[in-house]
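Inspection log for the structure reproduced underneath, given as structure tokens.
A short reminder: the numbers here are calculations on the coordinates, not readings from a lab. The shown structure was predicted, so the numbers you read here are calculated from the model rather than taken from an experiment. Cβ placement follows ideal geometry from the backbone for every residue including glycine, while neighbour counts extend to all protein chains displayed.
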Amino acid sequence: MPFDKSVAASYADDHAQSHSTGNCARYVRKAIEAGGLSLHHAHFAKDYGPLLQAVGFRETTGSPQKGDVVVIQPAPGHPAGHMAIFDGSIWVSDFKQTHSGAQGFYPGPAYRQAQPSHKTYRYN
């Protein structure tokens with residue numbers, strides 16, 4: 001079954017909380033699964049890159065597209081890192097990340113200040 005980016009993005013939007021719950025990886029994994037892919041679990045969000053690649057995602061650059069997933073390495077005070085899926089307008093993890101700009105994928109001030117490394121993945 002191919003990956004349905006629209007279903008995954010809608011699932012993320014529909015299940016997002018009003019604020020972070022600290023469960024970004026679980027929420028994004030469930031959105032990907034709703035889109036039709038079975039994704040292995042990792043303990044930390046920062047470790048999902050290889051798991052995404054194993055099911056057909058590839059690293060990409062440029063403007064995000066619906067269904068793209070960003071995996072961000074740890075920021076001070078946030079050792080697990082972060083991940084989010086792009087819904088076509090904003091990045092969504094366990095909450096809707098409404099911070100605008102080129103780095104709207106960073107979930108909060110600690111990430112925006114530290115700007116840890118990140119990779120964006122797109123399903124091919």
Discussion item. Compute the helix-to-body angle for 5-15: its Cα long axis versus the longest principal axis of the chain, expressed 0 to 90° and rounded to tens.
Written reply: 50
Worksheet, complete the sentence: Spelling it out for Asp68: with amide H atoms placed in the peptide plane at 1.01 Å from N, the residues 5 or more places away or on another chain with amide H under 5 Å from its amide H are Phe86
Practice prompt. Could you tell me the convex hull volume per residue, in Å³, taken over the Cα atoms of the chain?
Written response: 89
Discussion item. What percentages make up the Cα-Cα pair-distance distribution of region 1-40 when the bins are 5 Å wide from 0?
Written reply: 6, 28, 32, 20, 11, 3, 1
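Please state the charge dipole magnitude for the chain, taken about the Cα centre, from unit charges on C-beta atoms (+1 on K and R, -1 on D and E), reported in debye and rounded to the nearest 20.
That gives the chain a dipole magnitude of about 180 debye.
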Item to complete: Can you tell me the FRET efficiency between Val7 and Ser117 if r is taken as the Cβ-Cβ distance and R0 is 30 Å, rounded to the nearest 0.05?
Response: 0.55
Worksheet, complete the sentence: Check: C-alpha center region 5-25 vs C-alpha center region 77-101, spacing in Å is 9
